[in-house]
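Where a number appears in this text, it was derived from the coordinates with a stated rule and is not lab data. Remember, predicted model here, so these are calculated numbers, not experimental data. Because the Cβ atoms are built from the backbone with ideal geometry, glycine has one as well, and the counts that use them run over all protein chains shown.
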């Protein structure tokens with residue numbers, strides 16, 4: 001049940017993360033927890049250049065997580081019906097995939 | 001010889017009761033009462049131990065089948081501490097004019113101390129409360145609309161003065177705390193509301209402006225009422241002056257013509 005804090009995400013391929021939510025709505029819990037987990041020491045330590053911004057609005061819009069990657073990709077997660085662990089695992093898998101791609105590229109370039 | 005043999009057996013030997021020399025009680029190997037190896041108990045002691053074994057009391061009905069009273073008991077047990085914390089929450093809401101609710105993401109300790117220091121300078125206190133304690137208090141008080149804010153880790157910034165500008169400035173320097181909403185003077189504001197509130201000029205200035213605007217019209221009524229009579233008097237004055245000038249002019253002209 002404590003999965004959310006144990007999921008380790010490597011944020012190296014991530015340029016910035018914007019978390020937008022409206023705290024007076026009732027479906028923001030998972031998004032808020034996601035924000036809390038991302039701001040943990042362990043995950044922040046993987047990439048110090050990654051900017052995490054929290055956008056607090058009051059216009060009844062649904063919670064949103066917008067991730068910009070270094071190679072220009074964009075991941076938008078609508079947190080209204082997602083749990084924290086799901087969002088973290090989704091982000092984690094994509095980060096890992098990008099890492100592997102980068103490693104392969106650098107291996108191809110070096111020899 | 002039989003006694004000797006029995007004694008030589010040693011270990012869990014049965015005590016021979018009929019006429020032996022106490023010296024024969026000694027076992028040849030001479031182990032004492034307290035040994036490092038396991039020593040078999042005397043038979044009488046064995047019997048005593050067997051009789052006095054602990055028998056756990058078994059309830060007639062297994063506890064699984066009984067109706068659940070655990071949750072009620074647990075709630076009653078915590079009540080003392082929980083009640084104290086709830087009282088503190090109520091006090092905080094009563095005493096302070098400005099209460100801001102912020103989301104707290106993990107922050108290093110020194111930053112926390114610095115933040116507390118800066119906020120203390122402006123007489124703002126930082127309080128931590130658990131959501132489970134705050135929720136029942138809020139649901140019974142008039143701050144029901146603040147309920148959805150209390151999810152995930154929160155911090156409460158309470159203050160007796162409403163220094164929104166300084167608070168926002170301090171919070172801007174700390175990226176890990178996000179302002180969610182505030183309750184200033186019993187008015188619930190969102191983040192935008194707090195920013196607008198911070199941009200307002202001070203209360204005295206606003207009061208002065210209001211007084212000035214209100215007193216603008218009454219200051220004009222007296223002049224409005226007197227305008228017609230003042231106009232008349234001005235006209236009469238001018239007329240008199242022209243007549244005087246006319247009189248003064250005609251004797252002046254013949255005197256000028258004479259001289």
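Over the stretch B:80-199, what relative contact order in percent results from Cα pairs under 8 Å that are six or more residues apart?
Relative contact order, the stretch B:80-199: 38 percent.
Computed over the Cα atoms of the stretch B:80-199, what is the convex hull's projected area averaged over all directions, in nm²?
Numbers: hull surface 28.2 nm².
That works out to 7.1 nm², a quarter of the Cα hull's surface.
Once you order the gyration tensor axes a ≥ b ≥ c over the Cα atoms, which shape class does the protein assembly as shown get: rounded for a/c under 1.5, otherwise prolate or oblate by comparing a/b with b/c? If you can, show how the numbers build up before the last one.
Working: a/c = 4.31, a/b = 2.59, b/c = 1.66.
Because a/c hits 1.5 or more and a/b exceeds b/c, the protein assembly as shown counts as prolate.
Any idea how far apart residue B:220 and residue A:55 come out in nm if each label point goes 7 Å out from Cα toward Cβ?
With each label placed 7 Å out from Cα toward Cβ, I get 4.7 nm.
Run the quick spin-label model on residue B:207 and residue A:110: label points 7 Å from Cα toward the beta carbon, then report their separation in nm to one decimal.
Taking the simple label geometry, residue B:207 and residue A:110 are separated by 7.3 nm.
Output the relative contact order of the stretch A:14-108, whole-number percent, from Cα pairs under 8 angstrom with separation of 6+ residues.
Details: 132 pairs, mean separation 34.3, N = 95.
About 36 percent, as a whole number.
Output the peptides B:40-53, A:86-99 sorted from most to least packed, where packing is the average of other Cβ atoms within 10 Å over each peptide's residues.
Values: B:40-53: 10.1, A:86-99: 17.0.
The packing order, highest mean first, is A:86-99, B:40-53.
Please give the helix A:29-38 orientation as an angle from the longest Cα principal axis of chain A, in degrees from 0 to 90, rounded to the nearest 10.
Computed tilt is about 40 degrees.
Set the Förster distance to 45 Å, then compute FRET efficiency between residue B:97 and residue A:18 from the Cβ-Cβ distance, nearest 0.05.
Working: r = 33 Å, r/R0 = 0.73.
About 0.85, to the nearest 0.05.
Quick one: grab the alpha carbon gyration tensor of the stretch A:1-87, order the square roots of its eigenvalues as a ≥ b ≥ c, and give me rounded if a/c is under 1.5, else prolate or oblate depending on whether a/b is larger than b/c. Each step should come with its number before you reach the end.
Working: a/c = 1.90, a/b = 1.32, b/c = 1.44.
Here the stretch A:1-87 falls in the oblate category.
Averaged across the residues of B:185-192, what count of C-beta atoms belonging to other chains lies within 10 Å of each residue's C-beta?
Numbers: counts 0, 0, 0, 1, 1, 7, 6, 4.
For this peptide, the per-residue mean of nearby foreign Cβ atoms is 2.
Tell me whether the stretch B:130-258 comes out rounded, prolate or oblate; compute the Cα gyration tensor, take square roots of the eigenvalues as a ≥ b ≥ c, and use a/c under 1.5 as the rounded threshold. It would help to have the intermediate numbers written out before the result.
Details: a/c = 8.81, a/b = 4.13, b/c = 2.13.
Cα axes put the stretch B:130-258 in the prolate bin.
Roughly how crowded by other chains is peptide B:146-152, in terms of the mean Cβ count from those chains within 10 Å of each of its Cβ atoms?
For this peptide, the per-residue mean of nearby foreign Cβ atoms is 5.
Once you have the Cα-Cα distance between residue B:82 and residue B:126, take 0.36 nm times their residue separation minus that, and quote the gain in nm to one decimal.
On the way: separation 44, 0.36 × 44 = 15.84 nm, distance 1.97 nm.
Result: 13.9 nm gained on full extension.
Percent antiparallel among DSSP beta bridges with both residues in chain A, to the nearest 5? Let's see the in-between values first.
Values: 11 of 17 bridges.
If I count the DSSP bridges inside chain A, around 65 percent turn out antiparallel.
Take the Cβ-Cβ distance between residue B:160 and residue A:73 as r, set R0 to 41 Å, and report the resulting FRET efficiency rounded to the nearest 0.05. Walk me through the numbers on the way to the answer.
Details: r = 49 Å, r/R0 = 1.20.
In this case the efficiency is close to 0.25.
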